[in-house]
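The values are calculated or read from the model by the stated rules, or taken from the named source; none is laboratory data. None of the values given here were measured: they were computed from a predicted structure. Note: ideal-geometry Cβ built from the backbone for every residue, glycine included; neighbour counts use all protein chains shown.
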Amino acid sequence: MAGGQPPKAPSASLEDEKLKKNLQRIAHKILVLSGKGGVGKSTVAVNLAIALSLEGKRVGLLDVDFHGPSIPTLLHLEGRRPEVTDHGTMLPIAIEGGMKVMSLGFLLNRPEDAVIWRGPLKIGAIKQLLGDVEWGDLDYLVIDFPPGTGDEPLTVANLIPEADGAVVVTTPQDVSTIDVSKSVTFCRQLNIPVLGVVENMSGLVCPHCSQVIDLFKQGGGEEMAKRMNVPFLGRIPLDPQIVESSDAGEPFIFHHKNTEAAEAFRRIVAPLLALP
């Protein structure tokens with residue numbers, strides 16, 4: 001896949017066998033979705049995965065966003081390459097605490113390389129990311145979806161029919177909640193349980209007085225959850241420390257455990273820990 005070239009796909013039967021074998025070893029599959037970009041979906045996915053790991057769970061994080069794989073940057077893993085085994089499978093990158101990470105971004109020569117593939121090539125690559133990566137035994141696999149409801153989200157959703165459900169991320173503004181509500185409809189049409197809605201960037205935490213300013217207003221995500229009749233998991237404030245941590249590749253919840261935003265992530269992850 002180096003240089004942005006699509007991988008050579010194995011036969012369909014072999015892909016299906018690898019997928020089934022891999023997924024059987026993963027207890028819970030959590031999909032992180034959003035109907036539009038720019039809502040902080042990848043940041044939420046990273047911090048939810050870290051929060052699960054901090055609870056002593058065996059966690060994997062898979063980034064299947066072809067056109068904006070953010071996970072390597074958010075975890076300061078740029079330039080890392082997964083090890084390829086003698087069997088042609090790949091080993092995910094392990095980070096501090098034991099969490100395993102895989103992203104298309106690890107397979108590009110440069111972060112700025114564009115993936116200019118048509119749908120069938122993307123679908124083949126997604127199948128390989130799910131089937132050719134040796135995740136081992138996991139309690140949770142958190143999957144960071146591409147924004148929208150197109151080919152890539154549809155492919156991943158169809159390949160994981162036994163997913164526990166989706167966490168849908170939005171910001172409070174109407175322009176976001178209108179688009180993101182389509183992700184809830186997407187899940188319903190595919191019979192994917194909606195675990196709940198996360199309202200991200202819900203108020204700005206002032207770096208000087210720590211008071212919350214309703215920069216993008218507040219409550220839009222909760223109103224959308226009520227309107228769509230799905231659970232509301234909670235609000236995450238727009239904390240400058242989240243921005244700094246993301247740019248530095250240091251997971252916010254790991255390095256700022258005593259903040260209100262970190263507590264919000266812990267509240268949001270509680271229903272995931274309670275999954276049977």
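Quick notes on this structure:
- Candidate set from region 187-202 (those that are aliphatic (A, V, I, L, M) and crowded, with 16+ Cβ neighbours inside 10 Å); member that is farthest from Asn229 (Cα to Cα): Met201
- Flag for Gly165 being under 29 Å from Phe265 (Cβ atoms), of a type in the set (Gly, Ala, Ser) and modelled with pLDDT under 80: no
- One residue stands out in region 218-256 among those that are of a type in the set (A, V, I, L, M), at pLDDT 90 or above and surrounded by fewer than 22 Cβ atoms within 10 Å (Cβ to Cβ): the one that is farthest from Ser181 (Cα to Cα), namely Val230.
- Residue that is nearest to Arg80 (Cα to Cα) [pool: residues in region 92-108 that are modelled with pLDDT under 85, surrounded by fewer than 21 Cβ atoms within 10 Å (Cβ to Cβ) and not hydrophobic (A, V, I, L, M, F, W, C)]: Glu96
- Selected residue (criterion: nearest to Glu244 (Cα to Cα)) from residues of region 72-88 that are outside any loop (DSSP other than H, G, I, E, B) and free of Cβ contacts under 8 Å to residues at least 40 places away in the same chain: Pro72
- Tally of residues being farther than 14 Å from Asn200 by Cα, hydrophobic (A, V, I, L, M, F, W, C) and not in a helix (DSSP H, G or I) across region 230-276: 3
- Any hit, region 57-79, residues being under 16 Å from Val142 (Cα atoms), charged (D, E, K, R), in contact with a Pro (Cβ under 8 Å, 6 or more places away or on another chain) and surrounded by 15 or more Cβ atoms within 10 Å (Cβ to Cβ): yes
- Summed over region 133-145, the residues that are over 14 Å from Ile93 (Cβ atoms), in contact with a strand residue (DSSP E or B) (Cβ under 6 Å, 6 or more places away or on another chain) and of a type outside the set (Ser, Thr, Tyr) give a count of 7.
- Qualifying residue in region 233-244 (condition: in contact with a helix residue (DSSP H, G or I) (Cβ under 6 Å, 6 or more places away or on another chain) and at positive phi): yes
- In this entry, Val184 passes the filter for residues that are part of a helix (DSSP H, G or I), modelled with pLDDT of 90 or more and buried (at least 18 other Cβ atoms within 10 Å of the Cβ).
- Any chance Asp65 is assigned to a loop (DSSP other than H, G, I, E, B) and modelled with pLDDT of 85 or more: no
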